[in-house]
Amino acid sequence: MDVPVTRRGTVIEDYHGTLVADPYRWLEEAGSEETQAWSEAQNAVTRAYLDAIPALERLKARFTELWDYPKYSAPRKEGGHYYFSKNTGLQNQSVLYRRAGLQGESQLVLDPNTLSEDGTVALTNLAVSKSGALLAYSTSASGSDRQEIKVRHVDSGREYGEMIKWVKFTNIAWRHDNRGFYYSRFPEPGSVAEEDENNFRRVYWHEAGTPQEKDQLVYERPEEKELGFDPIITHDGQYLLLNVWHGTDPKNRFYYREVASNGDFIRLLDEADASYNFIGNNGSVFYFNTTQGAPRGRIIAIDTHQPERANWRELVPEQEEDVIAFALMVNQQFVVAYMHDAHHRIMLYQEDGSFEREIELPTLGSIIEITGEQDDNEFFISFTSYLQPPSIYRYDFAMETLSLLHDAEIKFDASQYETQQVFYPSKDGTRIPMFLTHKKGLKLDGNNPTLLYGYGGFDISLTPAFAIQPIVWIENGGVYAVANLRGGDEYGEAWHEAGMLEKKQNVFDDFIGAAEWLIANKYSSTPRLAIHGGSNGGLLVGACLVQRPELYGAVVPAVPVIDMLRFHKFTVGSFWIPEYGDAEHNAEHFKFLHAYSPLHNVKEGVAYPPTLIMTADTDDRVVPAHAKKFTATLQRAQGGEAPILLRLEMKAGHGLGKPTTKVIEEKCDMLAFLFEALGME
């Protein structure tokens with residue numbers, strides 16, 4: 001097929017004595033007329049190709065029908081009310097409500113659908129004051145990571161006048177006197193060099209009803225400009241805590257001071273030797289879920305009056321196999337979710353660490369949301385599996401029961417399908433788990449269209465989760481496969497470290513091994529096998545595409561990280577250096593990054609399989625330049641007849657707050673492409 005001709009530039013860069021050409025460097029200039037014209041031409045070709053696929057409109061109709069069901073968040077109790085979000089089915093954004101009790105009439109608190117005509121302004125964070133009178137909430141436009149915080153009076157709906165800008169990745173911590181809250185933000189653009197606009201993070205105090213200019217600086221570390229800070233107020237209102245982090249490194253630091261104090265923060269944990277997740281306190285005793293001395297996690301108590309490590313107390317020890325996915329305190333007890341072979345189990349422990357009971361979950365699945373405060377006598381979970389949409393459950397400590405609060409009913413008969421877990425060997429013999437979801441009685445004849453998904457990075461685990469796209473896929477005879485690759489947290493920090501930096505190739509080997517296992521066991525065959533992943537998962541499928549192009553029938557990298565020599569130069573890319581490395585400043589890092597970087601390993605004349613590269617014009621996390629340069633490189637190198645297409649979504653970002661209409665269009669375009677590429681009817 002005819003694709004736009006892409007001009008090749010003459011940029012060559014010296015990396016520690018190795019000359020590396022970058023002919024499409026000009027595509028990094030997103031605002032230039034040439035780049036915009038190129039992008040529009042690519043989109044036009046892609047749109048024409050997708051619109052000509054006969055299955056597209058039928059897929060949209062079925063996808064929309066399945067998506068149209070009520071969706072609830074887990075309730076959160078604040079100021080005597082339960083706050084929750086609800087989407088009636090096809091609303092672009094979920095709406096925030098509250099109730100005086102678990103049943104009864106709901107009161108509208110905030111409808112983000114009224115904030116923009118096309119649904120591209122999303123509610124991304126919210127915090128209710130201790131009294132329940134005030135709501136601080138943040139919004140994001142067109143999927144940007146940048147947010148703005150506003151304040152409103154809950155009962156009257158009256159908006160306060162202030163708007164807090166230059167915010168990314170912050171929580172909002174109300175002080176218990178309800179006067180205001182703590183937050184963190186980046187410098188005002190123009191006040192620092194452009195390359196530092198995502199550095200020099202600071203913590204501020206904001207008094208409700210006052211302009212941002214009057215916010216008081218609480219903490220900064222200009223000598224360590226890459227540190228980030230998350231402010232937290234303890235449940236008793238006594239302490240202001242700072243979770244201190246560096247990029248995406250899970251190893252963090254932890255500081256605190258009394259709320260009433262204006263003195264220096266006490267650096268309780270300042271070595272960044274492990275992850276320390278604060279889960280509650282009893283006066284001066286702080287409780288943490290930590291990987292310190294325990295790669296699979298344990299719970300410890302630190303008395304701030306005797307903080308030396310020799311005085312730390314272990315309450316819940318590390319388990320032999322299972323990994324702590326998350327922990328919190330409710331009813332003065334530890335609620336601990338474990339990952340057991342990449343699905344969740346949930347346990348209760350007393351405050352002294354003694355085991356109380358396991359709470360039986362509905363099926364093999366995942367807890368995707370849990371809410372409850374330290375003094376509550378109940379908690380709520382949103383539970384899901386590959387065949388069950390998220391449903392809301394309530395656990396009552398007094399009755400020791402887990403009961404269904406909101407079910408999710410969709411127009412799909414899950415009884416006709418099944419999920420199984422298999423294990424396969426990677427290239428080095430490592431045992432890798434994989435979930436397979438498909439129709440019962442599947443015939444293993446190598447002819448099943450199979451969609452293999454993976455991520456493999458940043459300590460993120462892929463536990464069973466419901467989505468409409470896989471449901472449409474399996475309804476049409478497909479197999480949906482999810483591989484739990486190294487680089488995630490499925491088996492603890494050692495599993496993560498086995499897939500990062502110089503060991504990143506393990507992740508690609510794990511994924512290639514999954515594809516080979518599916519073919520060898522006759523679930524699928526090369527012409528019927530597609531691979532897909534997004535963000536770091538886009539890097540995954542991009543690397544696997546260039547390493548084993550003959551193995552797949554189709555490839556779909558979404559919002560992918562592709563140029564591993566320059567990723568750190570854009571927006572928050574420098575945050576990922578602890579995970580990937582730094583080719584610019586470290587010669588050893590350059591060697592392994594250059595060896596697998598998808599952009600730099602495309603080979604001329606290779607017959608690459610049908611590939612749909614998906615990105616968004618306002619993605620300010622993984623900039624679309626990655627996808628654009630990869631598209632141009634693959635199109636020029638393509639030695640076969642298969643299409644290499646770029647789908648560039650407008651007014652959308654990395655995925656944050658994407659409106660329903662755009663989600664449906666994007667997912668159906670991808671499905672139609674795969675139907676065409678794999679010969680599905």
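Can you confirm whether T618 is within 25 Å of the chain's Cα centre (by Cα), modelled with pLDDT of 95 or more and under 28 Å from V3 (Cβ atoms)? It is false that T618 is within 25 Å of the chain's Cα centre (by Cα), modelled with pLDDT of 95 or more and under 28 Å from V3 (Cβ atoms).
Yes/no matrix, rows are residues, columns are (1) hydrophobic (A, V, I, L, M, F, W, C); (2) part of a strand (DSSP E or B); (3) at positive phi:
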| residue | (1), (2), (3) |
| --- | --- |
| Y182 | no, yes, no |
| E188 | no, no, no |
| S191 | no, no, no |
| F200 | yes, no, yes |
| V203 | yes, yes, no |
| D230 | no, yes, no |
| D236 | no, no, no |
| L242 | yes, yes, no |
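Within the range 450-466, restricting attention to residues that are in contact with a strand residue (DSSP E or B) (Cβ under 7 Å, 6 or more places away or on another chain) and either not hydroxyl-bearing (S, T, Y) or not assigned by TED's automatic domain parsing to the domain that holds A543 (or both), the residue that is surrounded by the fewest Cβ atoms within 10 Å (Cβ to Cβ) is A465. Considering only residues that are touching a Ser or Thr at 6+ places or on another chain (Cβ under 9 Å) and either closer than 21 Å to A530 by Cα or buried (at least 24 other Cβ atoms within 10 Å of the Cβ) (or both), which ones fall in the range 639-649? Listed by number, the residues that qualify are A642, P643, I644, L645, L646, R647, L648. In the range 179-198, the condition of being farther than 22 Å from W245 by Cα and either basic (K, R) or buried (at least 16 other Cβ atoms within 10 Å of the Cβ) (or both) is met by at least one residue.
Just one residue in the set L405, L436 is under 29 Å from the mean Cα position of the chain (by Cα) and either exposed (fewer than 11 other Cβ atoms within 10 Å of the Cβ) or not assigned by TED's automatic domain parsing to the domain that holds G454 (or both); that residue is L405. Restricting attention to the range 102-129, the residues that are outside any strand (DSSP E or B) and in contact with a helix residue (DSSP H, G or I) (Cβ under 9 Å, 6 or more places away or on another chain) add up to 3.
When the criteria are applied in full, S140 fails the requirement of being over 21 Å from the mean Cα position of the chain (by Cα), farther than 24 Å from N262 by Cα and of a type in the set (S, T, Y).
In the set A41, A48, which member is surrounded by 13 or more Cβ atoms within 10 Å (Cβ to Cβ) and either part of a loop (DSSP other than H, G, I, E, B) or among the aliphatic types (A, V, I, L, M) (or both)? Walk me through how you get there before you give the answer.
Working: A48 fails: surrounded by 13 or more Cβ atoms within 10 Å (Cβ to Cβ).
Selected residue: A41, the only one of A41, A48 that is surrounded by 13 or more Cβ atoms within 10 Å (Cβ to Cβ) and either part of a loop (DSSP other than H, G, I, E, B) or among the aliphatic types (A, V, I, L, M) (or both).
Looking only at residues of the range 342-389 that are touching a residue at least 60 places away in the same chain (Cβ under 8 Å) and hydroxyl-bearing (S, T, Y), we find that the one that is surrounded by the most Cβ atoms within 10 Å (Cβ to Cβ) is S366. Here G553 does not qualify as assigned by TED's automatic domain parsing to the domain that holds P624, on the phi > 0 side of the Ramachandran plot and touching a helix residue (DSSP H, G or I) at 6+ places or on another chain (Cβ under 6 Å).
Restricting the first member to the range 568-581 and to residues that are closer than 16 Å to R201 by Cα and touching a residue at least 60 places away in the same chain (Cβ under 8 Å), and the second to residues that are aliphatic (A, V, I, L, M) and surrounded by fewer than 20 Cβ atoms within 10 Å (Cβ to Cβ), no beta-carbon pair is closer than 8 Å while six or more apart or on different chains.
Pairing each residue of the range 483-502 that is over 20 Å from R298 (Cβ atoms) and not assigned by TED's automatic domain parsing to the domain that holds L593 with any residue that is of a type outside the set (G, A, S) and in a helix (DSSP H, G or I), provided the two are 6+ apart or on different chains, yields no C-beta distance under 7 Å.
What are the residues in the range 254-268 that are in a strand (DSSP E or B) and either of a type in the set (S, T, Y) or free of Cβ contacts under 8 Å to residues at least 24 places away in the same chain (or both), if any? Talk me through it step by step, then tell me what you get.
Our first condition is that a residue be in a strand (DSSP E or B); within the range 254-268, this holds for 254-258, 266-268.
Once the filter is applied, which keeps residues that are in a strand (DSSP E or B) and either of a type in the set (S, T, Y) or free of Cβ contacts under 8 Å to residues at least 24 places away in the same chain (or both), the range 254-268 yields Y255, Y256, R257, E258, R267.
Applying the condition of being more than 20 Å from E356 (Cβ to Cβ) and aliphatic (A, V, I, L, M) to the range 285-322 and asking which residue is surrounded by the fewest Cβ atoms within 10 Å (Cβ to Cβ) yields A310. A607 fulfils the conditions (1) over 14 Å from Q42 (Cα atoms); (2) over 19 Å from the mean Cα position of the chain (by Cα); (3) buried (at least 24 other Cβ atoms within 10 Å of the Cβ) except for a single criterion, (3).
The values are calculated or read from the model by the stated rules, or taken from the named source; none is laboratory data. All figures in this text were calculated on a predicted structure; none of them were measured in a lab. Positions of Cβ are generated from backbone atoms using ideal geometry, with glycine treated the same way; all protein chains shown enter the neighbour counts.
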